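K.L.:
Structure in structure tokens, see below.
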Amino acid sequence: MPALDAFDSFLFSLSRAFCSSFAVFVQIQGCLICLILAFGWACAAYVRNRQIKQMKDSMRHGNSFSFLCCDVNELEHSNQVNLPRVSVVMPLKGFGEHNLHNWRSQITSLYGGPLEFLFVVESTEDPAYHAVSLLISDFKDEVDAKVLVAGLSTTCSQKIHNQLVGVDKMHKDTKYVLFLDDDVRLHPGSIGALTAEMEKNPDIFIQTGYPLDLPSGSLGSYCIYEYHMPCSMGFATGGKTFFLWGGCMMMHADDFRLDRYGVVSGLRDGGYSDDMTLAAIAGAHKRLITSPPVAVFPHPLASDLTFPRYWNYLRKQTFVLESYTTKVNWIMNRALFTTHCYLSWGFVAPYFMSMIHITAALRIYIKGYSLEETALTSGGLLLVCCLATCTAIELLSMWNLTRIEVQLCNMLSPEAPKLSLASYNWSLVFIAMVVDNFLYPVSAIRSHFSQSINWSGIRYHLRNGKIYKIERSKDKGPVFTDLGGKNLYGKKGAPPKASFLSSLARSMAQWHQPKKYDV
């Protein structure tokens, strides 16, 4: 019987250590995290599926327009003429492969009331300006749409600046304002469904929705899909929620005209994230946020979405936890930061331990060691089996929710090409789960110590949770946006290409250099 070499001795020692009481606790905790996620997705699937059944029942009773509303009487002319005016504000930045399709889905809404679309760009040099201008010219006799040039932001993020310019220019009779990201693909009845809920319950402060990511096949796109999935259960409540997604927010126009609850000043004076700022205001004033079950939107990811672009997106997502409006908001962000980091690495650690257990078992089998010689027990493999079972349940629940949301999106947009689960690679989904949860704490810690972020070629610096300095430099920013792969500058203003390694080296250098604050 062969003697243990140094590698095998170390490997078996590690496997034995991972059978200690603390290690067993960590692995059981990982199993519980998987089961909790599976339960949350099952509840979300129930809410979405209930909406599907309601639409099918409506169709069986002769309502062929159930994708617009389940009560066909609401489509009567007498009801449509009394619908309130809605202004749709879309801050634009860059132009990519999915933008035209998304914009068409927005301006061809079947909402029956007065409706205007305000596309807001930073300048006429933005590639989005000419693209959306051509689109509007094609529909000039059919929709009320215009392009606004907002200019450069000086006190808040460029997106928030564009949104506030759009609000300032909206129609004087507008009752509701709907903020949309330019990568949101609306359903024909989305605006009507959101407006109907606002009319039913005037106490609603914000109505929101959530995207259904359509991965393009790269690991980066699957990491983004996996990053969004845990949050999706918070939006599939069918009603009240504490979550808010900046890609779709409907609010009362008078809240902006009168600056109620400080919505305008809170966004304008140092605001970095629109949804985090408004969610904090809603929490501070105990205002209601809701998410109707039909508010789920297809979100195709760029076909060339690389891993570095996923990392840039993750950096921006974790950076929002560094912005805050009040002391209570700061405490909540820190609690979310700590909890998310703990759960992320608590999710990843059991897989590392399982890999050690499996490797040790394979070495025993290949080398012919006896269990007495290695002093190992079957406890490690038992833990591996438990984790594998819980992971399978989690992936099945994630698959089921995605399947139901795909079906719901197909029913809500009967004229659009059908979405399918066939393109989803579930092996990559599992890898993305581990990679994303491992990198989240790294990104969050990096954001905490840097206090600055490059967002679409603009570097924002925070102090006390607010933007206090904005730097613009095309030469140091990305050429494409992270998710949609949108060209930010066009051919004329495109900065020279830089390798990922040089970009990473520059990022590390900025991380280690001392911070300088303006006085």
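K.L.:
Which value does Rg/Rh take for the chain over its C-alpha atoms, Rh per Kirkwood?
P.N.:
Values: Rg = 25.1 Å, Rh = 24.9 Å.
A ratio of 1.01.
K.L.:
In degrees between 0 and 90, to the nearest 10, how far off the longest principal axis of the chain does helix 327-367 point, with axes built from Cα atoms?
P.N.:
Value to nearest ten degrees: 40.
K.L.:
Hey, another quick one. Separation of the stretch 53-67 and the stretch 113-163 by C-alpha centroid, Å?
P.N.:
The two parts, judged by their Cα centres, are 36 Å apart.
K.L.:
For the chain, what does -39500 (n - 2.57) per DSSP helix run (n ≥ 4), summed and divided by total residues, give at 222 nm, in deg cm²/dmol to the nearest 500?
P.N.:
On the way: 17 runs with 268 residues, N = 519.
That comes out to -17000 deg cm²/dmol.
K.L.:
Ordered by packing density, taken as the mean number of other Cβ atoms within 10 Å over each peptide's residues, highest first, how do 425-438, 323-336 rank?
P.N.:
Working: 425-438: 18.3, 323-336: 16.0.
Averaged packing, sorted descending, gives the order 425-438, 323-336.
K.L.:
So, counting K/R as plus one and D/E as minus one, what does the shell of residues with Cβ under 12 Å around His448 add up to? Let's see the in-between values first.
P.N.:
Details: positive: Arg315, Arg334, Arg446; negative: Glu322.
Its environment carries a net charge of +2.
K.L.:
Once both axes come from the Cα atoms, what is the angle between helix 219-235 and the longest principal axis of the chain, in degrees from 0 to 90, rounded to 10?
P.N.:
Here the helix axis deviates by roughly 70 degrees.
K.L.:
Right, here's the next one. Taking each pair of different alpha-carbon atoms in the stretch 77-305 once, compute 1/r for the pair, average those values, and report the inverse of that mean as the Kirkwood hydrodynamic radius in Å to one decimal. Can you show the working numbers first?
P.N.:
Details: mean 1/r = 0.0558 Å⁻¹.
Answer for the stretch 77-305: a Kirkwood hydrodynamic radius of 17.9 Å.
K.L.:
Among Ala6, Phe67, Cys19, whose Cα sits farthest toward the positive end of the charge dipole of the stretch 1-142 (+1 at Cβ of Lys/Arg, -1 at Cβ of Asp/Glu, about the Cα centre)?
P.N.:
Cys19
K.L.:
Hey, with R₀ at 22 Å, roughly what FRET efficiency would Arg463 and Ser265 work out to, going by the Cβ-Cβ distance, to 0.05? List each step's numbers first, then the result.
P.N.:
Numbers: r = 18 Å, r/R0 = 0.80.
With R0 = 22 Å, the Cβ-Cβ based efficiency is 0.80.
K.L.:
Still on this structure, please answer the following. Can you give the charge dipole size of the stretch 249-369 about its Cα centre, rounded to the nearest 20 debye, using +1 on the beta carbon of Lys and Arg and -1 on the beta carbon of Asp and Glu?
P.N.:
With only Lys, Arg, Asp and Glu charged at Cβ, the dipole is about 460 debye.
K.L.:
Same structure again: Using Cα atoms only, what is the angle between the long axis of helix 21-60 and the major principal axis of the chain, expressed in degrees (0 to 90) to the nearest 10?
P.N.:
Approximately 30 degrees, to the nearest 10.
K.L.:
Near the amide H of Phe297, under 5 Å away, which other amide H atoms are found, from residues 5 or more places off or on another chain, if H is placed in the peptide plane?
P.N.:
Amide H neighbours of Phe297, under 5 Å, 5+ apart: Tyr210, Leu212.
K.L.:
Based on the alpha carbons, how large is the Rg to Rh ratio for the stretch 90-195 when Rh follows Kirkwood? Don't skip to the answer; put the middle values down first.
P.N.:
On the way: Rg = 13.2 Å, Rh = 14.1 Å.
Result: Rg/Rh = 0.94.
K.L.:
In nm, give the distance between the simple-model label positions of Asp304 and Ala17, each being 7 Å from the Cα along the Cα-to-Cβ direction.
P.N.:
It is 4.5 nm.
K.L.:
Counting only heavy atoms of the protein chains, get the accessible area per residue of the stretch 77-305 (1.4 Å probe) and round it to a whole Å² value.
P.N.:
Details: 8080 Å² over 229 residues.
Heavy-atom SASA per residue in the stretch 77-305 reads 35 Å².
K.L.:
Work out, step by step, the length gained on full extension between Ile431 and Arg50: first 0.36 nm times the residue separation, then minus their alpha carbon distance; give nm to one decimal. Write out the running numbers ahead of the final one.
P.N.:
Details: separation 381, 0.36 × 381 = 137.16 nm, distance 3.10 nm.
Working it through step by step, the gained length comes to 134.1 nm.
K.L.:
Another question, then. For Arg334, what is the net charge nearby, where nearby means another residue's Cβ is under 13 Å from its Cβ and Lys, Arg count +1, Asp, Glu -1?
P.N.:
Values: positive: Lys327; negative: Glu322.
Value of the local net charge: 0.
K.L.:
Further, regarding this structure: Residue separation times 0.36 nm, minus the C-alpha to C-alpha distance between Leu396 and Asp71: what's the value?
P.N.:
Numbers: separation 325, 0.36 × 325 = 117.00 nm, distance 3.37 nm.
Extra length from Leu396 to Asp71 when fully extended: 113.6 nm.
K.L.:
Tally up the carbon and sulfur contribution to the accessible surface of the stretch 77-305 as a whole percent, 1.4 Å probe, everything protein left in place. Numbers along the way, then the final one.
P.N.:
On the way: 4290 of 8080 Å².
Percent of accessible area from carbon and sulfur atoms in the stretch 77-305: 53.
K.L.:
In sequence order, what are the phi-derived ³J(HN,Hα) couplings for the stretch 112-126 according to the Karplus relation 6.51 cos²θ - 1.76 cosθ + 1.60 with θ = phi - 60°, rounded to whole Hz, with x for glycine and proline?
P.N.:
Whole-Hz 3J(HN,Hα) from phi for the stretch 112-126: x, x, x, 8, 10, 10, 10, 8, 10, 10, 6, 7, 6, 7, 5.
K.L.:
Shifting gears a bit: Enter the Cα centre distance for the pair the stretch 377-445 and the stretch 217-252, rounded to the nearest angstrom.
P.N.:
So the two Cα centres are separated by 15 Å.
K.L.:
So, one more: Using the Karplus equation 6.51 cos²θ - 1.76 cosθ + 1.60 (θ = phi - 60°), what ³J(HN,Hα) coupling, rounded to whole Hz, does each residue of the stretch 315-323 give in order, writing x for Gly and Pro?
P.N.:
Calculated HN-Hα couplings, in order: 4, 5, 5, 6, 5, 5, 6, 8, 9 Hz.
K.L.:
OK, next. Sketch the reach of a paramagnetic label on Val328 as a point 7 Å from Cα along Cα-to-Cβ, and name the residues of the stretch 176-206 whose backbone nitrogen lies under 19 Å away.
P.N.:
Inside the label zone: 204-206.
K.L.:
A further question on this structure: Roughly how many debye, to the nearest 20, is the charge dipole of the chain about its Cα centre, given +1 on each Lys and Arg Cβ, -1 on each Asp and Glu Cβ, and no other charges?
P.N.:
Computed charge dipole of the chain: roughly 1060 debye.
K.L.:
Val88's amide H: which non-local residues (gap 5+, or another chain) put their own amide H closer than 5 Å, with H modeled 1.01 Å from N in plane and none for Pro or chain starts?
P.N.:
Here Glu116, Phe117, Leu118, Leu178 satisfy the definition.
K.L.:
Next up: Where in the chain is the longest stretch that carries no GluC sites (Glu not before Pro) classed as loop by DSSP and with at most 16 other Cβ atoms within 10 Å? Don't skip to the answer; put the middle values down first.
P.N.:
Values: sites that count: Glu76, Glu97, Glu125, Glu142, Glu415.
That gives 143-414 as the longest site-free run.
The values are calculated or read from the model by the stated rules, or taken from the named source; none is laboratory data. All of these numbers come straight from a predicted model, not from anything done at the bench. Backbone-built Cβ (ideal geometry, glycine too); neighbour counts: all protein chains shown. Note: accessible area is taken over every heavy atom of the protein model, side chains too, but ligands, DNA and RNA are not part of it. Shrake-Rupley method; radii C 1.70, N 1.55, O 1.52, S 1.80 Å.
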